[in-house]
Amino acid sequence: MELYELTAHQLSERLGTGEVSSREIVTSCYDRIEAVEGKVQAFVSQTRQLAEQQAAEIDQKRAAGEELGALAGVPIAVKDLLCTKGLPTTCCSQILENFHPPYDATVIERCRQAGMPIVGKTNMDEFAMGSSTENSAFQVTRNPWDLETIPGGSSGGSAAAVAACEAPLALGSDTGGSIRQPAALCGIVGMKPTYGRVSRYGLIAYASSLDQIGPFARDVTDCAMLLNTIAGPDDRDATCADVPVPDYVACLQQGVEGLKVGIIQELVHGEGIHPGVKGRVLEAVDTLQELGCECEETSLPNIDYSMPVYYIIAPAECSSNLARYDGVRYGHRTTKPVSDIYDLFAKTRAEGFGEEVRLRIMLGTYALSAGYYDAYYLKALKVRTLIKSDFDAAWEKYDVLLCPTSPTVAWKFGEFDQLALKLADICTIPVNIAGVAGLSIPCGFDDGMPVGLQLIGKPFSEDILLRAAYAYEQATEWHKQRPEL
Ligand code: GLN
């Protein structure tokens, strides 16, 4: 087996025994990138020099007998909306094309401190708006399982990089499914932690009340290791909760005997859930039951309103967050003649933002405008509370809720229209609306493409989700399947 094929925990073990060096691992990842990146196109920038330098430093420290963390020397890929000091951070938008942030996001700082070499920045839908990574201003990323299909989005580059073994781990962000959905469609593990579990400092905002950073990995142990590295309070993000971080790896083995699992009726039997997907998810329920989980169906009656609520709240917040890209403070500025400052703003923004981003800014501005604020935005906030109370009621009975991650497997480029693209998030958006935790794990194939099982947990119950996912993973072989490239 090549080093690039190993999981992070396997690499960590070999690094620990001195069998391999971080330099060798980084070299192996770049060999793989060289071999497959032409097909997959997961990266918008590669940072080989930096990664090699970081790896050499870690190897030196290890040789000197320094105490190192579990992921020291294990490389990581980073979605291009996380600020990386001195490295391009573009959000895959023309408007930030030449932006090099003067600081690191907290999660990047933590990965660097943990000694993780950064291999590169990954492709994404512009400003994280999309479900297929086709909204990137720069390039198209392909699903490693079938190069004619989309990898999911918006963190499609991160998911594809991990699935294609270009990096053992990656970071993404999830506002309505952007970690879980591409993880599902690329056949890997992805987690959106509870809102407030991971600092958002240095995450370029899309919709601040929904955004959350989380891990991509090829198995549950790796996902737990990366969550250990990035989770926990941060003085620089007031929404990051001061809740103790358990050792997510240590709790994996605790088993699932007696765990109460609620199967969300609306998202298993509902309209639009592809029969092949439903089939795999129900098989996963059987497996969980054999493992000792108590599974039964349950209803979240307001969940059907998640989509309309999301498409008011997310654009409203995006219209405010993206107001800062005006051609004055940073980023692209028009070179066309302008009549006044407003003309400069308008021309810059028209040139810098893609169609989907402009559409959402307009939607949000409209929903927040004086005449419509109460009718749309305030109403959406109230319905958001109703959806959240459905989840609160569920936690009285269940430890974990379960449904598909995506209603379909990955589709061909151009196959879905705008509405279908948006409806593809039907299973993931409610989790962000309620601010709870969600994880996607491979649970089989339909038409040769990976299917993802979504496990949802109450706030700060990532340990339970990981434990359930681990038990399932140990009982199945899906996570061992790799695409042929
Ligand atoms: N696909 C959803 C959207 O287009 C969610 C994106 C995300 O989670 N960043 O907004």
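I need the shape label for region 15-114. Rule: rounded when a/c is under 1.5, else prolate if a/b > b/c, else oblate, with a, b, c from the alpha carbon gyration tensor. Oblate shape, in that a/c is at least 1.5 and b/c is the bigger or equal ratio. Along region 215-232 the Karplus relation, 6.51 cos²θ - 1.76 cosθ + 1.60 evaluated at θ = phi - 60°, assigns HN-Hα couplings of x, 10, 7, 8, 8, 5, 4, 4, 4, 5, 5, 6, 5, 3, 6, 9, 6, x Hz to successive residues, with x for each Gly and Pro. Placing dummy labels 7 Å off each Cα toward the beta-carbon, the span from LEU291 to GLU415 is 2.9 nm.
If you average 1/r over all unlike Cα pairs in the chain and invert the result, what Kirkwood radius do you get in angstrom? Before the final figure, lay out the partial values.
Working: mean 1/r = 0.0450 Å⁻¹.
Computed over Cα pairs of the chain, the Kirkwood hydrodynamic radius comes out at 22.2 Å.
Geometric descriptor of region 171-290, per residue, is 136 Å³ (volume of the convex hull of the Cα atoms). For region 476-485, 3J(HN,Hα) computed residue by residue from phi via the Karplus equation (6.51, -1.76, 1.60; θ = phi - 60°) reads 10, 10, 4, 5, 8, 6, 10, x, 8, 10 Hz, glycine and proline entered as x. Backbone amide hydrogens, once placed in the peptide plane, bring VAL436 within less than 5 Å of TYR195, excluding anything fewer than 5 places away on its chain.
Quote the relative contact order of region 238-365 in percent (integer), defining contacts as alpha-carbon pairs under 8 Å separated by 6+ residues.
Details: 96 pairs, mean separation 30.5, N = 128.
Computed value for region 238-365: 24 percent relative contact order.
Judged by the ratio a/c of the largest to the smallest principal axis of the C-alpha gyration tensor, region 385-485 counts as oblate, that ratio being 1.5 or greater while a/b is no larger than b/c.
Do the alpha carbons of any pairs in LYS336/LYS379; LYS192/LYS397; LYS85/LYS192; LYS347/LYS422 sit beyond 32 Å of each other, and which pairs? Beyond 32 Å: LYS336/LYS379.
Compute the Cα gyration tensor for region 281-367, then decide on rounded, prolate or oblate, letting a ≥ b ≥ c be the square roots of its eigenvalues: rounded whenever a/c is under 1.5, prolate when a/b is larger than b/c in the other cases, and oblate in all that remain. Please list the in-between numbers first.
Values: a/c = 5.06, a/b = 3.12, b/c = 1.62.
Judged from the Cα gyration tensor, region 281-367 comes out prolate (a/c at least 1.5, a/b above b/c).
Taking amide H atoms as placed 1.01 Å from N in the peptide plane, the amide H of LYS260 lies under 5 Å from those of GLU294, ASP399, VAL400, each 5 or more residues away in sequence or on another chain. Residue by residue, region 432-443 carries 3J(HN,Hα) couplings of 6, 4, 8, x, 8, 9, x, 9, 10, 9, x, 9 Hz when phi is fed to the Karplus relation 6.51 cos²θ - 1.76 cosθ + 1.60 (θ = phi - 60°); x denotes Gly or Pro.
Quick one: net charge around GLN94, please, counting Lys, Arg +1 and Asp, Glu -1 for every other residue with C-beta under 15 Å from its C-beta.
Numbers: positive: ARG333, LYS336, LYS347, ARG349, ARG358; negative: ASP80, GLU97, ASP125, GLU126, ASP326, GLU351, GLU355, GLU356.
That sum, taken over residues with Cβ under 15 Å, equals -3.
Inter-part distance, region 144-159 to region 62-78, computed on C-alpha centroids, equals 29 Å. Put simply, when 324-330, 63-69, 74-80 are sorted by average Cβ atoms within 10 angstrom per residue, most first, you get 74-80, 324-330, 63-69. Summing Lys and Arg as +1 and Asp and Glu as -1 over all other residues whose Cβ lies under 15 Å from the Cβ of ASP399 gives a net charge of -3. Near TYR311: Cβ cut-off under 11 Å, other residues only, Lys/Arg at +1 and Asp/Glu at -1. The net charge is +1.
Rounded to the nearest Å, what's the spacing between the alpha carbon centres of region 311-359 and region 208-277? Just the number, please. One Cα centre to the other: 34 Å.
We did not get these values from a lab; they are worked out from the coordinates using the rules stated. As the structure is a computational prediction, the values presented were derived from the model and not from experiment. Counting neighbours? That spans all protein chains shown, and the Cβs are built from the backbone with ideal geometry, glycine included.
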